[in-house]
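Enquirer: Take a look at the following structure, please.
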Amino acid sequence: MRSGPPANLDAITGERLRALLRAMPKAELHVHIEGTLEPELIFALADRNGVALPYPSVDALRAAYAFTDLQSFLDIYYAGASVLRTEEDFHAMAMAYFARAVADHVVHAEIFFDPQTHTSRGVPMATVVHGLARAGQDARRIHGIDASLILCFLRHLSEDDAFATLEAALPLRDQFIGVGLDSGERGNPPEKFARVFARCGELGLRRVAHAGEEGPPAYIRAALDVLHAERIDHGVRCLEDPALVTDLARIQVPLTVCPLSNVRLGVVPALHRHPLGALLAAGIRATVNSDDPAYFGGYIGANYAETFAALPLGPRDAYALARNGFTASFAEPGVKRRWLDALDEAFAAA
Ligand code: ADE
Ligand code: ZN
């Protein structure tokens, strides 16, 4: 039976709150598996596959992670992903992520992957999906973590390309739960993918979309109204449109917010200026996630720790954010209830 948060919640401050942020069970709903590829693994896979990298060393590659905007990041991110060739490579990348996620007490992860980044290089769809899906099974067995896959369409490519990708993935339909939309947002509005998202809806796939990261609030509105997105990835620019804020609070479509990403890509000027607290205060169902943790300086635990250190957020916010992560997930209701019980236990023990 769920008990809810402890009555003395507000007494949890300082080191107790920091320890609780680390220890509380978490859901991760916005992580690009290609964005978990650490420089060391990029070099190991490049070596294994005979791929020449334009950087002489791990340190030189990491030094190039000085992004000015989303596109400057995407250029390096797609170059890094070019070392992935075999099913074993995709499996190794995902297993490395799961080890990090478990250390941050992630119990459930809904993981984005970008098949077009790989199929355009001649890697078969089945190689990508089998490697990632097998890692998910191994992670459940080894770490007890629950994982599922969300196939993302690259929005800088055409809708025809997205349709071809969907077609290629359908024989593997049982290995992913839904579709998303990512890559360069500016100039690639949700409407461009209206038909393919409608088809995905007919097929019973869950639908999410990046919107309102670099793109305007109108893209969030279109992701909701045209794509029928069940979650908005990022969405932080909703705050520029008060009517949209009101609507998001009313309909409770979750936002998967990624604070460290937002700082590294210049979406917000600094972590102490991040609008996470404002989103919660407005009644929006916000969650905390890592986006591309190998590139942005931290996994989900670091996102929680650094954001709470930088902003006037307290234990009620920690509880709301972690709770939102579970309620916003695509897991079965009974499974969600178990995680919410575990969350309450973590708060009761703090
Ligand atoms: N692909 C990987 N990370 C992304 C982000 N933050 N925004 C859009 N596309 C992405
Ligand atoms: Zn993202």
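The values are calculated or read from the model by the stated rules, or taken from the named source; none is laboratory data. Everything quoted here is computed from the prediction, not taken from an experiment. All Cβ positions, glycine included, derive from the backbone under ideal geometry; neighbour counts span all protein chains shown. Accessible surface is based on the protein model in full, side chains and every heavy atom, while ligands, DNA and RNA are left aside. Shrake-Rupley method; radii C 1.70, N 1.55, O 1.52, S 1.80 Å.
Enquirer: Given Phe163, Phe153, Phe197, Phe176, which one is among the hydrophobic types (A, V, I, L, M, F, W, C) and open to solvent by 50 Å² or more (accessible area, probe 1.4 Å)?
Expert: One residue alone meets the criteria, Phe163.
Enquirer: Quick check on this structure: which one of Leu280, Leu260, Leu265 is in contact with a helix residue (DSSP H, G or I) (Cβ under 9 Å, 6 or more places away or on another chain) and more than 13 Å from ligand 1 (Cβ to nearest atom)?
Expert: Just one listed residue meets the conditions, Leu280.
Enquirer: Exactly one condition in (1) on the phi < 0 side of the Ramachandran plot; (2) open to solvent by less than 60 Å² (accessible area, probe 1.4 Å) is false for His143; which is it?
Expert: Single failed check for His143: (2).
Enquirer: Residues in the range 26-38: is at least one more than 29 Å from Asn324 (Cα to Cα), open to solvent by less than 70 Å² (accessible area, probe 1.4 Å) and among the aliphatic types (A, V, I, L, M)?
Expert: No, the range 26-38 has no match at all.
Enquirer: Consider Glu87 carefully, then state whether it is charged (D, E, K, R), within 16 Å of ligand 2 (Cβ to nearest atom) and in contact (Cβ under 8 Å) with a residue 24 or more places away in the chain.
Expert: Against the criterion (charged (D, E, K, R), within 16 Å of ligand 2 (Cβ to nearest atom) and in contact (Cβ under 8 Å) with a residue 24 or more places away in the chain), Glu87 does not qualify.
Enquirer: I'm trying to understand the selection: among the residues of the range 4-25, which are surrounded by 12 or more Cβ atoms within 10 Å (Cβ to Cβ) and either in a loop (DSSP other than H, G, I, E, B) or free of Cβ contacts under 8 Å to residues at least 40 places away in the same chain (or both)?
Expert: Gly4, Pro5, Pro6, Ile12, Met24, Pro25, listed by residue number.
Enquirer: Still on this structure: Do we have Ala92 as open to solvent by less than 40 Å² (accessible area, probe 1.4 Å), of a type in the set (A, V, I, L, M) and more than 25 Å from Glu213 (Cβ to Cβ) here?
Expert: Judged against the criteria, Ala92 is a match.
Enquirer: Given the criteria of a type in the set (Asp, Glu) and either closer than 18 Å to Pro259 by Cα or within 12 Å of ligand 2 (Cβ to nearest atom) (or both), does Glu202 qualify?
Expert: no
Enquirer: Considering only the range 312-335, state which residues are over 21 Å from Ala350 (Cα atoms) and more than 18 Å from the chain's Cα centre (by Cα).
Expert: Residues satisfying the conditions are Glu332, Pro333, Gly334, Val335.
Enquirer: If you don't mind, another one. Just checking, how many residues over the range 50-72 are open to solvent by less than 40 Å² (accessible area, probe 1.4 Å) and farther than 30 Å from Ala229 by Cα?
Expert: Matching residues across the range 50-72 total 6.
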